[in-house]
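First, the structure itself, so that you have it in front of you.
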Amino acid sequence: MRLVYRAMLIVLIPLSLLASTASAQSPDMLQSLLESQSSVAAPGLFYSLVRPLFLAVVFTVVGLLLFAAAIWLVAKFAPFSIRKEIEEDQNVALGLIVGSIILGIAIILAAAMIG
């Protein structure tokens, strides 16, 4: 199962960073909250540096939580131990299926984050 979590991190973090930088340029609900912070000394710096970093962190956390929930559901409803099959029995076919599930979820999350 550790391999699944590593693959999940390798796929999700770049996709969430890409999605957060793309969505940082489009208007959203956070825009009104950020505009109310007019007392910032350098608003250009805030919008160009802090906001994309904040959105990247938020999307990464949300994506990791959704990935963890999806992997937990797959492991919960499988009639066998996924960890045992992949790690101990070296079941390559199951590893490919779990990897495909991870990639599919990553594509769906990236599309949802981009808008």
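Could you tell me whether residue 15 is buried (at least 17 other Cβ atoms within 10 Å of the Cβ), at pLDDT below 75 and assigned to a helix (DSSP H, G or I)? Give the steps one after another, and end with the answer.
Numbers: buried (at least 17 other Cβ atoms within 10 Å of the Cβ): yes; at pLDDT below 75: yes; assigned to a helix (DSSP H, G or I): yes.
Criteria met by residue 15.
Among all residue pairs at least 6 apart or on different chains, which show Cβ distances below 8 Å where the first residue, located in region 69-90, is in contact (Cβ under 8 Å) with a residue 40 or more places away in the chain and the second is surrounded by 12 or more Cβ atoms within 10 Å (Cβ to Cβ) and not aliphatic (A, V, I, L, M)?
From region 69-90, the pairs are 71/5; 75/83; 86/95.
Mind listing whichever residues of region 79-114 are surrounded by 13 or more Cβ atoms within 10 Å (Cβ to Cβ) and either acidic (Asp, Glu) or in a loop (DSSP other than H, G, I, E, B) (or both)?
The answer is 81, 85, 87, 91.
Might you let me know whether region 60-77 holds any residue that is at pLDDT 85 or above, on the phi < 0 side of the Ramachandran plot and charged (D, E, K, R)?
yes
Further question: Among the listed residues 41, 56, 93, identify the single one that is out of contact with any Cys (no Cβ under 6 Å at 6 or more places or on another chain) and modelled with pLDDT of 90 or more.
93
Any chance region 90-100 includes a residue that's within 12 Å of the chain's Cα centre (by Cα) and hydroxyl-bearing (Ser, Thr, Tyr)?
No, because not a single residue in region 90-100 is within 12 Å of the chain's Cα centre (by Cα) and hydroxyl-bearing (Ser, Thr, Tyr).
The values are calculated or read from the model by the stated rules, or taken from the named source; none is laboratory data. Just so it is clear, the model here is predicted, and its values are computed rather than measured. When we count neighbours, we look across all protein chains shown, and the Cβ atoms used for this are built from the backbone with ideal geometry, even at glycine.
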